[in-house]
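One structure is given here, and the rest of the page talks about it.
What follows is calculated from the coordinates using simple rules that are stated; it is not laboratory data. Note that the coordinates shown come from a computational prediction; the quantities given were computed from them, not determined experimentally. A quick note on method: Cβ atoms are made from the backbone with ideal geometry, for glycine too, and the neighbour counts reach across all protein chains shown.
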Amino acid sequence: MQNHFPLWKNILVLTVLVFGIIYSLPNLYGNDPAVQIASNNATPLQQSQADDVMASINTAGFALKAFEFKDGKILARFTNTDEQMKAADMLRNKMAEKATVALNLAPATPQWLTALGAKPMYLGLDLRGGVHFTLEVDMDAALKQAEERYNNDIRSAFRDSKIRYQSVSKEIGGIKVVLPNEESKIAAIEVMSKDFHNLELNESGVNEFMLTIPEREMREIKKSALEQNITTLRNRVNELGVAEPVIQQQGDSRIVVQLPGVQDTAHAKELLGTTATLEYRLVDVENDVKAALEGRVPAGSRLYKDKNGGPVLLKRAVIVTGDQITDASSGMDQDGQPAVFITLDGIGAKKMGKMTQENIGKPMAVVFIEYKSETRVIDGQKVQHKEKVEKVISVATIRDTFSKRFQTTGLDNPQEARTLALLLRAGALAAPVEIAEERTIGPSLGQENIDQGMSSIVVGFMLVVLFMLIYYRTFGLIANFALIFNLVFLIAILSLLQATLTLPGMAGIVLTVGMAVDANVLINERIREELRNGNSPQTSIFVGYEKAFATILDSNVTTLLVALLLFGFGTGPVKGFAVVLSLGILTSMFTAITGTRMLVNWIYGDNRRVENLSI
């Protein structure tokens, strides 16, 4: 039988069609304007807080569509954006110091579709939905960190060169070095000119001098801090799984981050603005903590507090810092407590191995450092408050030598361990950042232009459908079914991939429609050619599909190669266009050849006696 599909092939095509319909459906339901509230620390929100938020919304009289509390987060859905904005402002004032309040566009997908894993496509910032952040990099903090590094490095260089010194300390004008005699001073200047030639050296007294960072070096430090922050933020956004993000420099100290279609905006805001890292230091067991509390802190030590507020005296010398961590993952230790498993680079592993080997039996502390920036309402005005939080999360006795891979415990809960591991894995920010601007973006081209664009697509699609129906009759109707099936199937795949649809992506869909029609035109013309040559209808159908296949394959493979080149060499929107085009080529091949063939076989196949074809 020439024009007959086996049962399994019919079932396959119908299964793909049902799959396409189910997984493309979520795109019809749109989004609800929502406000999302998440804790700004490791402790999740409690049910009592959720009840309090709901009561506040109801008391204020906002039109609440739905209220959800899940996994320690609150999602309040509203009927319109005006209500959403007013509610967000009210909740920010109410929970400024307790939680992060962020605008959100929550999918209105029904529960039964969500249970099947069906989700809508994300829409790019040039269409609808997404979040825009402008981050301000704290350049003063970057310079202070650079001075701290130089301060520690100078001390280490003097110790390695066996140069005696009275003090190396940070002053307002730079780093002050005081030496005991002329001989040490000459040796110190020699070391400085060799290893720290990028610093300016000025004598400030007998056997003492000041080191300052020159203007040229300051510019390099600021530039480096900005570049490292961009790289770190890109890593963090990758951890969020956002498609086609925009992360770029703006001016000398700002970074623009655009997250198209992101759903968990509160979590995104938390991860982008948080500067978290770890430091490993030895505990000072030689000096008295009580004396340090009274103000008599030894020169080589520093007083910290643990998670419970208790005093801990630590050595100033840092063993390993967060920038020497190459990988971090969260899990549970042998006692079932949350832990972060750390992997160090070569330098960090060497330092850790040497330190632990020399200090077996002594306690070592893990210091968690975080820069927080929060908005507080003071006298009716919103004021940005920056704070550096340092706390000892763990003190443990060194039992054995360890170097490259080890674990850090002392965390409050698994969520804190996961967040810390993510931040360490993405890298520490070179300098703290604060969110200078945050907004949810609508269509950048204007909703009217987007509506007109969609109208043109619909009108163009309907004209193609009408032409195929008039010119090819029954075979045109079959081609139209395949065309609709192709669009549904393509949207289903993009939805499953959680792709972000942008205007270039829409152009890719339009081009796919044209290519799908082109394939059906080739098939239909081949069949008509066989009929003109005097072949029977059944033979014409069979031979027409066979002959058209090679031409269709050739044209589609050529276009697919171009799409792959666009994806390989393009950036941003060009990549999005290439992805949609590539997927569209594959789906149109399936629907135009296999899909239409199944329908033709149902109508004309199985050795039916056919006198004429409606083509």
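For Val256, the shell of other residues with beta-carbons less than 13 Å away shows a net charge of 0, using +1 for Lys and Arg and -1 for Asp and Glu.
Of the residues Ile347, Pro6, Leu116, the one whose Cα sits farthest toward the positive end of the charge dipole of the chain, with +1 on the Cβ of Lys and Arg and -1 on the Cβ of Asp and Glu, is Pro6. At a Förster radius of 25 Å, what calculated FRET efficiency corresponds to the Cβ-Cβ distance of Thr474 and Leu497, to the nearest 0.05? The computed FRET efficiency comes out at 0.10. This ranking places Tyr604, Tyr280 by how few other beta-carbon atoms lie within 10 Å of each, fewest first, which gives Tyr604, Tyr280. Think of each Lys and Arg Cβ as +1 and each Asp and Glu Cβ as -1; about the Cα centre, that makes the dipole of region 477-580 roughly 140 debye. For Lys86, the lysines whose Cα comes closer than 22 Å to its Cα, not counting residues fewer than 8 places off in the same chain, are Lys65, Lys73, Lys94, Lys98, Lys269, Lys382. Applying 1/(1 + (r/R0)^6) with r as the Cβ-Cβ distance of Asp140 and Asp345 and R0 = 30 angstrom yields a FRET efficiency of 0.60. Computed extension length for Val562-Asn152: 142.2 nm, one decimal, from 0.36 nm per residue of separation with the Cα-Cα distance subtracted. Annotation: Cα Rg of region 140-214 relative to the compact-globule expectation 2.2 N^0.38 Å equals 1.01.
With R₀ fixed at 25 Å, the C-beta to C-beta distance from Glu294 to Val206 puts the FRET efficiency at about 0.15. Bridgeable lysines around Lys290 (alpha carbons under 23 Å apart, same-chain partners fewer than 8 residues away excluded): Lys305, Lys307, Lys315, Lys362, Lys391. As a proxy for reagent exposure, ranking Ser161, Ser253, Ser455 by other Cβ atoms within 10 Å from fewest up yields Ser455, Ser161, Ser253.
For region 140-214, a simple Cβ point-charge model (Lys and Arg +1, Asp and Glu -1, everything else neutral) yields a dipole of about 240 debye relative to the Cα centre. Potential lengthening of the chain between Glu529 and Val318 amounts to 67.7 nm, from the contour at 0.36 nm per residue minus the alpha-carbon distance.
The DSSP beta bridges internal to the chain are antiparallel in roughly 95% of cases.
Lys/Arg Cβ at +1, Asp/Glu Cβ at -1, dipole of the chain taken about the Cα centre: which of Ala482, Val392, Leu494 is farthest positive-ward? The residue sitting most towards the positive pole is Ala482. Long hydrophobic helices in the chain: the complete DSSP H runs spanning 15 Å or more by Cα along their own axis with mean Kyte-Doolittle hydropathy of at least -0.5 are 7-24, 47-60, 182-195, 414-426, 447-496, 503-532, 537-569, 573-589.
Exposure proxy for Glu68, Glu611: other Cβ atoms within 10 Å of each Cβ, ordered fewest to most, give Glu611, Glu68.
Net charge dipole, the chain: roughly 1000 debye, given to the nearest 20, about the Cα centre with Cβ charges of +1 for Lys and Arg and -1 for Asp and Glu. Candidate cross-link partners of Lys185 among the lysines, defined by an alpha-carbon separation under 20 Å and a same-chain spacing of 8 or more, comprise Lys162, Lys170, Lys176, Lys194.
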